[in-house]
């Protein structure tokens, strides 16, 4: 696994993408609920999916299913631009607020 991706992955605090009730389990390598019957993927899977994409700073990425914004945030750290779609408006709103708070300006 490339060092650049690993550094960016480690820079993200998964707890930031979880509701208060689940923040204590953020370091566990398992999916956790984010509401509306949806889950945040386990960290090892997010890292593996991103590594398999072989994304670099010249790529534009389309993500289907923003969820909590965790994968979106990682993609924004390694890609030129990220276009993401979430069908559940409550999740979309929460993810947008989180990503804006992180100052991630390359996400549409």
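Here residue 103 clears all of (1) in contact with a strand residue (DSSP E or B) (Cβ under 6 Å, 6 or more places away or on another chain); (2) over 18 Å from residue 26 (Cβ atoms) except the condition numbered (1). Counting only helices (runs of 4 or more DSSP H) that sit wholly inside the range 1-100, those with at least 1 residues that are modelled with pLDDT of 95 or more and surrounded by fewer than 15 Cβ atoms within 10 Å (Cβ to Cβ) are 3-11, 43-53. Taken over the range 1-41, residues that are in contact (Cβ under 8 Å) with a residue 40 or more places away in the chain, out of contact with any strand residue (DSSP E or B) (no Cβ under 8 Å at 6 or more places or on another chain) and closer than 12 Å to residue 68 by Cα amount to 4.
The values are calculated or read from the model by the stated rules, or taken from the named source; none is laboratory data. This one's a predicted model, so the numbers in the text were calculated from it and none came from an experiment. Note: ideal-geometry Cβ built from the backbone for every residue, glycine included; neighbour counts use all protein chains shown.
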